[in-house]
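To start, the structure itself, in structure tokens.
Coordinate-derived values only; no laboratory data. These figures come from a predicted structure and were not determined experimentally. Cβ atoms come from the backbone with ideal geometry, glycine included; neighbour counts cover every protein chain shown.
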Amino acid sequence: MIEIKNLVVQIEDNRILNGLDLKVADGEVAAIMGPNGSGKSTLSYVIAGKEDYEVLDGEVLLDGENILEMDAAERAAAGVFLAFQYPLEIPGVGTMTFLKAALNAQRKARGEEPLSTPELIKRVNAAGEVLEIKRDFLKRALNVGFSGGEKKRMEILQMALLEPRFCILDETDSGLDIDALRIVSDGVNKLRDPGRSFLVITHYQRLLNHIVPDTVHVMSAGRIVKSGGKELALELEANGYADYRQLAAE
């Protein structure tokens, strides 16, 4: 379980998160929706350990352990995974080289034996088939020349291989056409598991038609202002965020 308590965060003296509280249970898919500038992406970056953010107060507990005391690599080894809104291209680094290094670094941190090249290829090909990733893409530099949908599929491929405990999807639907959205969502749904939880950050109901959440949280002005079931997303789609901006101001 991930539990966030009174999280207060700023960057360059600009307060972004203002005492945010949130719980996501094992096996739960929680969605966060909210207007631009409400702090959704900041929350994802702070959980994952991105630098430059100053945590003024609060805790982020993964199975009772405060991961804010860990560096980004330690958080990843503990089971935190962030799928970026805009995955980076890394020229000169082969996709398979990257996947092997990432997976074996995780296994080493967990005291596990590294995967052999044949076993790695077997795992990558199996996961790639689910995500409809062409094998020639795996021979190219990471994300270089990939479309938006192909980059997002590569993120989900990494998630499938690393088998994290807590997965954050930061606007994964951004830039996806209908077919790519279906493929990426199917890949995520296949990873749903009683021992794995998800935090899905999105602006739109269309993603939640495919990845159906257990809970929906509305974020405004750096904190959660309302929580409910999946029907809350439909309300937001119909009425927008005006009422919740007012709640945040109170």
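What translational D, rounded to a whole number of µm²/s, comes out for region 31-77 from Stokes-Einstein when the hydrodynamic radius is the Kirkwood one over Cα pairs, at 25 °C and 0.890 mPa s? Let's see the in-between values first.
Numbers: Rh = 11.7 Å.
It comes out at roughly 210 µm²/s.
What FRET efficiency would be calculated for the residue pair E231, L61, taking the C-beta separation as r and a Förster radius of 41 Å, to the nearest 0.05? Kindly include the intermediate steps, with their values, before the conclusion.
On the way: r = 29 Å, r/R0 = 0.70.
Calculated transfer efficiency: 0.90.
If I model a spin label as a point 7 Å beyond the Cα along the Cα-Cβ vector, how far apart are those points for S116 and D186 in nm?
3.2 nm
Holding the Cα-Cα limit at 30 Å, pick out from K50/K100; K40/K139; K139/K230; K23/K152; K100/K226 the pairs that are longer than that.
Values: K50/K100 23 Å; K40/K139 34 Å; K139/K230 40 Å; K23/K152 26 Å; K100/K226 41 Å.
Violating the 30 Å limit, Cα to Cα: K40/K139; K139/K230; K100/K226.
Tell me, what are the semi-axes, in whole angstrom and largest first, of the equivalent ellipsoid of region 1-120 as set by the roots of 5 times the Cα gyration tensor eigenvalues? Can you show the working numbers first?
Working: eigenvalues 168, 63, 38 Å².
Listed largest to smallest, the semi-axes of region 1-120 are 29, 18, 14 Å.
Would you mind getting me the FRET efficiency between D177 and K108? Use the beta-carbon distance for r and R0 = 41 Å, nearest 0.05.
Numbers: r = 38 Å, r/R0 = 0.93.
The value I calculate is 0.60.
Which whole-angstrom value gives the distance between the alpha carbon centres of region 1-40 and region 130-179?
24 Å
When N is the residue count of region 68-126, what does its C-alpha Rg come to as a fraction of 2.2 N^0.38 Å? Could the numbers behind the result be given before it?
On the way: Rg = 12.9 Å, N = 59, 2.2 N^0.38 = 10.4 Å.
Taking N as the residue count of region 68-126, the ratio is 1.25.
From zero up to wherever the largest Cα-Cα distance of region 114-246 sits, split into 10 Å bins and tell me the percent of pairs in each.
11, 38, 31, 15, 5, 1
I need the Kirkwood Rh of region 53-167: take the reciprocal of the average 1/r across all distinct C-alpha pairs and report it in angstrom. Show your work: numbers first, answer last.
Numbers: mean 1/r = 0.0652 Å⁻¹.
Final number for the Kirkwood radius of region 53-167 is 15.3 Å.
What fraction, in whole percent, of alpha-carbon pairs in the chain exceed 26 Å separation?
Working: 12222 of 31125 pairs.
Roughly 39 percent, rounded to a whole number.
Quick one: dipole size for region 1-81, taken about the Cα centre, charges +1 on Lys/Arg Cβ and -1 on Asp/Glu Cβ, in debye to the nearest 20. Please list the in-between numbers first.
Details: 6 positive and 16 negative charges, 76 e Å.
My answer is approximately 360 debye.
If you wrap a convex hull around the C-alpha atoms of region 38-109 and split its volume per residue, what is the figure in Å³? Please list the in-between numbers first.
Numbers: hull volume 8.4 nm³, N = 72.
Residue-normalised Cα hull volume stands at 116 Å³.
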